[in-house]
Amino acid sequence: MREANEQLIRNCDALLLFYGAGDEAWRFHQQSDVKKLRTVQQGKASALEYVYLSAPISPDKELMVSLEEPNLIDALGGLSEAALAPLLAALETQR
């Protein structure tokens, strides 16, 4: 399973990390693993990487929102079309 996921990460055009019930350490490790896999990718443009924040609300997630971290989709209060707009626009320009 892990090998299949690694291959998907290496070949994707966009990656959306769903950050729901995990804690800050989980998010850090997931993003670190993705970064390691993406650095060995040669000859391909870097994929878009976004973090999708979902409930439950936590101090770490609230801090990410207040710091306006880049490539963040704030869906703590539910998903909205406006929250997805930056990702959709980035995907459109990448075509």
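The values are calculated or read from the model by the stated rules, or taken from the named source; none is laboratory data. Model, not experiment: these values are computed from the prediction. Methodologically, a virtual Cβ is constructed for each residue, glycine included, from the backbone with ideal geometry; neighbour enumeration extends over all protein chains shown.
General remarks:
- Evaluating E62 against the criteria (1) touching a helix residue (DSSP H, G or I) at 6+ places or on another chain (Cβ under 8 Å); (2) not in a strand (DSSP E or B) leaves one unmet condition, (1).
- Any hit, the range 18-36, residues being over 24 Å from R95 (Cα atoms) and of a type in the set (A, V, I, L, M): yes
- If only residues of the range 25-59 that are in a helix (DSSP H, G or I), at pLDDT below 90 and not basic (K, R) are counted, the one that is nearest to the chain's Cα centre (by Cα) is V34.
- The number of residues in the range 65-95 that are modelled with pLDDT of 90 or more, among the charged types (D, E, K, R), surrounded by fewer than 11 Cβ atoms within 10 Å (Cβ to Cβ) and assigned to a loop (DSSP other than H, G, I, E, B) comes to 1.
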